[in-house]
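To start, the structure itself, in structure tokens.
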Amino acid sequence: MDHGSNTSIYIYRIIGCLLLSIISFSILGCETKADIETREQNQRYSFINRSIESYQKGIEIFHEMDFAHPDQNKAKEAATAFFGGTPDHIRLSERNDCASTIAKVCPNAEVLYYTANCLEIIAEWGGIEKGIIVKNSMLLYYAGLIPENYNGPLKKKVLELRSQIFDINENVVKPKKAAQEARHKQLQDEYNRTYSERVAKMSGNAPYYDEEYYAAGHYEEDYDDDGYRLDHREAREHHRQSGGGTRRWR
């Protein structure tokens, strides 16, 4: 076969591919209105079914979970499962056409999602009290989103958890915080009251703080973030042991 024949075959193949592409696009472009509606309906059913399956999985986890001693991984898994039935998930997925149906088949998914978030924080920090102290705003925020008159699935467990969170905050966390603040104020008042006396006793080569005041244990709760007092005492002790005498180290 000569070179001209090869060129002709090559051209015919290109033309054939182009015609095939045009025919394919024409067929796809001929999708009827009924076909489009059927496809969209199938997508809608698929989204709803996935949301229902996810919600039911979360319900199963909650039934099995001990809310008094929650497992962090299970709580996180439940939060993810319930999120599938929340308005936020519907909005992010741009499936507003499914909202009313999912609200009926996944009742109170949003409240259960908030509950799962509470359990995850409690499990992470080993209890409600620690969870409030460390994650104060988040734990109380999620608990506050659970209605006091909640009447949905797992009502008893959900409301008991909500009640425990607020009870511990009011009767344990807040009193401890108030006591700490009162103690700090007492120490500060005592320090201010004796300030002039301590300044009068300080000699020119004395350290900037009153060693006797701290040594007596009056201000043991004061912070020493930079380790100044500890370093100062260790250096002074080394000075004395190495033959530096008893004169106050400066």
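The values are calculated or read from the model by the stated rules, or taken from the named source; none is laboratory data. Computed from a predicted model, the values in this text were never measured in an experiment. Here Cβ is always computed from backbone atoms with ideal geometry, including for glycine, and neighbour counts include all displayed protein chains.
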Residue, surrounded by the most Cβ atoms within 10 Å (Cβ to Cβ), within the range 64-76, restricted to residues that are in contact with a helix residue (DSSP H, G or I) (Cβ under 6 Å, 6 or more places away or on another chain) and part of a helix (DSSP H, G or I)
Ala75
Over the range 151-160, the set of residues crowded, with 17+ Cβ neighbours inside 10 Å and part of a loop (DSSP other than H, G, I, E, B) is Pro153, Leu154
Residues (under 21 Å from Ile165 (Cβ atoms) and surrounded by fewer than 14 Cβ atoms within 10 Å (Cβ to Cβ)) located in the range 38-63:
His63
Residues to consider are Ile168, Ile121, Ile128; find the one that is of a type outside the set (Gly, Ala, Ser), buried (at least 21 other Cβ atoms within 10 Å of the Cβ), in contact with a helix residue (DSSP H, G or I) (Cβ under 8 Å, 6 or more places away or on another chain) and in contact (Cβ under 8 Å) with a residue 24 or more places away in the chain.
Ile128
Given the condition modelled with pLDDT of 95 or more and surrounded by fewer than 15 Cβ atoms within 10 Å (Cβ to Cβ), answer yes or no: does some residue in the range 110-118 qualify?
no
